[in-house]
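Visitor: I have a structure I would like to understand better, so I am pasting it below and will then ask my questions one at a time.
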Amino acid sequence: MPIAYNKRSFRCGELRASHVGERVTLAGWVRNSRDHGGLTFIDLRDHTGIVQLRFNPDHVKEAHDIARSVHHEDVIAVEGEVVSRGEWVNPKLATGEVEIEVSAVEILSRSDPLPFQVNEDFDANEDLRLRYRFLDMRRQEVQNIFRLRHRIARAIREYFNDNGFIEIETPFLTKSTPEGARDYLVPSRVQAGTFYALPQSPQIFKQLFMIAGYDRYAQIVRCFRDEDLRADRQPEFTQLDMEMAFVQAEDVMGMVEGCVARIFKEGLGIDIETPFPRMSEHEAMERFGIDRPDTRFGMELQDVGELVRPAGFKVFNEALDAGGVVKCLVAKGPAPLTRKITDGLTEEIRGIGGGGLPLVKVINGDNGLEFSTGIAKFVQPICKEICAAVGAEPGDTIFFMPGKFAQACKYLHFLRTRLADILNLIPENVWNLLWVVDFPAFVWDEEVNRWFSCHHPFTSPRDEDIPLLDTDPGQVRAKAYDLVLNGTEMAGGSIRIHRGDVQQKVFGLLGITPEEAKLKFEYLLDALRFGAPPHGGIAFGLDRWVMLLAGAESLREVIAFPKTQRATCPLTNAPSAVAPEQLEELFLAIKTPPQKK
Ligand code: ASP
């Protein structure tokens with residue numbers, strides 16, 4: 001008699017002592033099997049856990065014979081009775097007080113020998129894991145991640161629903177939206193020679209929803225960016241994308257804070273405090289050297305430009321004379337900053353383009369505070385002033401960075417992060433959430449000689465800065481906000497331009513001619529002509545939130561079928577060549593034969 005596996009009475013991990021005496025139907029995977037003095041035991045596993053099955057040849061010989069033939073990961077169904085394990089309780093298993101005395105077993109499918117174990121003996125490199133991702137995903141650890149991901153996504157949807165947002169889907173086959181990355185293109189067969197772009201974000205569409213009067217929109221949506229991959233990037237990723245009408249930046253930030261609180265509650269059971277602190281981009285750069293500061297530890301950057309000048313140290317004064325800065329940070333002692341470590345850090349700074357890493361150690365000398373090592377002899381005369389200003393004491397190390405403001409910030413941020421690691425400065429289980437606001441709207445790119453939007457071209461300048469668009473674009477501040485968690489940018493958004501004339505002007509500033517604007521964004525410019533409410537929104541990367549809350553090391557861990565660093569999928573072997581007929585249909589020809597990689 002086949003076993004009614006479609007009528008499982010329990011999941012494997014659900015059985016407890018209170019079920020003793022019940023007849024049950026179970027199904028799952030064979031985690032392992034053991035022969036013990038005539039009895040055979042199988043650990044049966046599904047997503048809820050493990051239960052021990054007992055096969056006694058004196059009870060049902062046929063079932064026992066079948067049980068002896070099973071292997072790891074065969075799929076079986078059983079019927080039997082829940083019995084107590086008596087004194088043989090396994091305290092490591094939630095089901096450890098009971099086992100199933102099996103009366104019937106059916107093998108539903110066999111498993112070949114596995115490329116890697118999916119139990120605690122798991123050991124496989126990432127390539128193999130991704131090649132057999134369905135096996136990798138069978139592991140409890142990975143199951144937990146995807147169940148957490150589901151709970152977070154559900155909490156987000158519920159939150160926005162509770163707050164009057166509606167989810168509307170936006171197209172995937174669309175026109176390029178500028179979000180700063182390269183587009184993925186999809187050739188059109190019907191309109192041969194033309195291409196759709198996969199959306200980098202639903203930015204313009206969500207603005208159109210506001211113009212169409214939908215008031216509040218939130219969507220969990222896939223976005224696509226063809227960038228060079230790093231550990232924390234994927235070509236397709238999931239964003240929580242939202243937009244609200246008739247709002248100011250504070251309203252969007254407040255709404256997001258509620259959502260983030262809900263995510264933390266759902267994901268980690270933690271109550272986080274709202275509102276989150278706000279910091280201007282300028283302050284973040286001054287104090288941390290980066291616009292997404294990690295505020296879990298101090299060791300902030302300090303400006304000592306004017307203080308060091310009297311020492312007459314050439315390297316510093318040249319930087320200052322060229323309009324630059326001398327910034328420093330103090331690593332508190334006693335710290336294990338050996339020569340080997342500081343030399344290593346100097347090399348690392350050189351590796352990212354820096355000139356070096358001038359440093360001194362503070363000691364208690366014959367005349368009180370003195371500098372030693374590094375550039376001590378050049379800055380000795382101003383030792384006391386510097387130490388007093390930056391709060392340095394004997395045992396501390398001061399690292400200096402002369403140069404242009406942006407460069408000094410870049411290298412000292414790098415150093416601060418490295419030192420935090422070396423000196424173990426980051427406390428565990430601390431979640432520091434922070435809004436960074438008051439971003440400049442535009443940056444001048446010296447290489448290509450033109451302005452770029454810091455956020456995107458639809459971001460509204462501050463009202464009082466609109467006149468500066470004509471006179472001093474570099475001074476225009478944006479109504480943009482980024483949410484930072486422990487030094488990682490978790491969300492970014494802005495209040496949008498809702499006036500056609502301002503949007504045109506911004507396009508102009510960005511070097512987009514009226515003809516180009518018409519070609520690319522006519523539909524937005526049209527929409528802005530027909531009654532656009534003030535609106536704004538934000539997007540945050542769901543993958544990254546899940547990664548953080550799951551304590552995962554990379555985005556690939558929290559995406560079911562992710563791409564490798566080379567943007568390939570080892571499971572499906574995508575991307576791959578297509579048949580010549582397919583290319584012909586699209587009027588496409590491959591110019592250079594692809595190199596075998
Ligand atoms: N579209 C932006 C992004 O994907 C977010 C936003 O401005 O809402 O980064």
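Visitor: With everything on Cα atoms, drop me the angle between helix 500-509 and the longest principal axis of the chain, reported from 0 to 90° to the nearest 10.
Guide: Approximately 70 degrees, to the nearest ten.
Visitor: Calculate the FRET efficiency for ALA574 and ILE341 from the Cβ-Cβ distance with a Förster distance of 35 Å, rounded to the nearest 0.05.
Guide: 0.20
Visitor: Take the Cβ-Cβ distance between LEU185 and SER111 as r, set R0 to 45 Å, and report the resulting FRET efficiency rounded to the nearest 0.05.
Guide: For LEU185 and SER111, the calculated efficiency is 0.65.
Visitor: Give the aspartates and glutamates whose C-alpha is closer than 13 Å to that of LYS340, dropping any in the same chain fewer than 8 places away, or say none.
Guide: Straight-distance partners of LYS340: GLU348.
Visitor: Give me THR513, THR48 ranked fewest to most by other Cβ atoms within 10 Å of their Cβ, as a rough exposure proxy.
Guide: Sorted ascending by nearby Cβ count, the order is THR513, THR48.
Visitor: Using only the alpha carbons of the chain, what is the convex hull's orientation-averaged projected area in square nanometres?
Guide: If you wrap the Cα atoms of the chain in a convex hull and average its projections, you get 37.8 nm².
Visitor: I want to check the label-to-label distance for ARG157 and PHE246. Put each point 7 Å from Cα in the C-beta direction and report it in nm to one decimal.
Guide: 2.8 nm
Visitor: Would you kindly calculate the mean projected area, averaged across all directions, of the convex hull enclosing the Cα atoms of region 270-409, in square nanometres?
Guide: 10.3 nm²
Visitor: Here's something else I'd like to know. Report the full-extension gain for the segment ALA4 to LYS175: residue separation times 0.36 nm, less the Cα-Cα distance, to one decimal in nm.
Guide: Taking 0.36 nm per residue and subtracting the Cα distance, the gain is 56.4 nm.
Visitor: Moving on to the next point. Go ahead and estimate [θ] at 222 nm for the chain from helices alone: -39,500 (n - 2.57) per DSSP H run with n ≥ 4, summed, over the residue count, rounded to 500.
Guide: -8500 deg cm²/dmol
Visitor: I want the antiparallel fraction of DSSP beta bridges within the chain, as a percent rounded to 5.
Guide: Antiparallel: roughly 95 percent of the beta bridges in the chain.
Visitor: Residues with amide H under 5 Å of ALA441's amide H, sequence separation 5 or more or different chain, H placed in the peptide plane at 1.01 Å from N; which?
Guide: Amide H to amide H, under 5 Å and 5 or more residues apart or across chains, ALA441 pairs with VAL476, ARG477, ALA478.
Visitor: Just the C-alpha atoms of region 1-51: what Rg/Rh do they give, with Rh taken as the Kirkwood radius?
Guide: 0.99
Visitor: Output the 0 to 90 degree angle, nearest 10, between the alpha-carbon long axis of helix 514-528 and the longest principal axis computed from the alpha carbons of the chain.
Guide: Roughly 70 degrees, rounded to the nearest 10.
Visitor: With the alpha-carbon atoms as the only input, what is the per residue convex hull volume for region 25-182 in Å³?
Guide: Output value, Cα hull per residue: 206 Å³.
Visitor: Output the relative contact order of region 1-103, whole-number percent, from Cα pairs under 8 angstrom with separation of 6+ residues.
Guide: Relative contact order for region 1-103 comes out at 32 percent.
Visitor: Counting other C-beta atoms within 10 Å, which of ASP291, ASP232 has the fewest, and how do the rest follow?
Guide: Ranking ASP291, ASP232 by Cβ neighbours within 10 Å, fewest first, gives ASP232, ASP291.
Visitor: Taking 8 Å as the Cα distance limit and 6 or more residues as the minimum spacing, I'd like the relative contact order of the chain as a percentage.
Guide: Value for the chain: 13 percent.
Visitor: At 0.36 nm per residue, and after removing the present C-alpha to C-alpha distance, how many nm does the segment from GLN595 to ASP321 gain when stretched out fully?
Guide: 93.5 nm
Visitor: Let me check the size of region 104-231 from its C-alpha atoms; what are the radius of gyration and Dmax in Å?
Guide: 21.1, 64
Visitor: Along the positive direction of the dipole of the chain (beta-carbon charges: Lys, Arg +1; Asp, Glu -1; about the Cα centre), which of ASN119, ALA406, ILE66 reaches farthest?
Guide: Value computed over the given set: ILE66.
Visitor: Can you give the three extents of the C-alpha atoms in region 473-597 along their principal axes, from longest to shortest, in whole Å?
Guide: 49, 47, 28
Visitor: Testing the spin-label approximation: label points 7 Å from Cα along Cα→Cβ at ILE422 and ARG23. State their distance in nm.
Guide: About 7.1 nm, to one decimal.
Visitor: Also, quick follow-up: If we restrict to alpha carbons, what Rg and Dmax does region 270-339 come to, in Å?
Guide: Values for region 270-339 (Cα only, Rg and Dmax): 16.4, 53 Å.
Visitor: Still on this model: Please compute one quarter of the surface area of the Cα convex hull for region 37-127 and express it in square nanometres.
Guide: Convex hull of Cα atoms, orientation-averaged projection: 7.0 nm².
Visitor: Right, here's the next one. With a 10 Å Cβ neighbour count serving as the proxy for reagent exposure, in which order, fewest first, do SER176, SER453, SER18 appear?
Guide: Lowest count first: SER18, SER176, SER453.
Visitor: Counting only other residues whose beta carbon sits under 10 Å from that of LEU135, what net charge do I get with K and R as +1, D and E as -1?
Guide: Charge balance in the 10 Å sphere: +3.
Visitor: Tell me, in nm to one decimal, what length is gained between GLN582 and LYS92 on full extension, where the rule is 0.36 nm per residue of separation less the Cα-Cα distance?
Guide: 170.8 nm
Visitor: Any chance you could get the radius of gyration and Dmax over the Cα atoms of region 423-476, in Å?
Guide: Over region 423-476's Cα set, Rg and Dmax evaluate to 16.8, 48 Å.
Visitor: Sorted from largest to smallest, which semi-axis lengths in Å does the alpha carbon gyration tensor of region 146-190 give for its equivalent ellipsoid, taking the root of 5 times each eigenvalue?
Guide: They are 31, 15, 12 Å, listed largest first.
Visitor: Apply the Karplus curve 6.51 cos²θ - 1.76 cosθ + 1.60, θ = phi - 60°, to the phi angles in region 278-284 and return the couplings in whole Hz, x for Gly and Pro.
Guide: So the J values, rounded to whole Hz, are 10, 9, 6, 4, 5, 5, 4.
Visitor: I've got another one for you. Compute the FRET efficiency between GLU489 and GLN380 as 1/(1 + (r/R0)^6), taking r as their Cβ-Cβ distance and R0 = 45 Å, and round to the nearest 0.05.
Guide: Calculated value: 0.65.
Visitor: I would also like to ask the following. Where does the charge balance sit around ALA389 when Lys and Arg score +1, Asp and Glu -1, over other residues with C-beta under 14 Å from its C-beta?
Guide: Net local charge, ALA389 excluded: -3.
Visitor: List the aspartates and glutamates whose alpha-carbon lies under 17 Å from that of LYS7, not counting same-chain residues fewer than 8 positions away?
Guide: Reachable aspartates and glutamates: GLU22, ASP46, GLU79, GLU81, GLU106.
Visitor: Note the angle between two axes, namely the Cα long axis of helix 339-351 and the longest principal axis of the Cα atoms of the chain, as a number of degrees from 0 to 90, rounded to the nearest 10.
Guide: Here the helix axis deviates by roughly 80 degrees.
Readers should treat all values here as calculations from the given coordinates under stated rules, not as data from a laboratory. For clarity, every value in this text was computed on a predicted model and none was experimentally measured. Ideal geometry is used to build each Cβ from the backbone, glycine not excepted, and the neighbour counts take in all protein chains shown.
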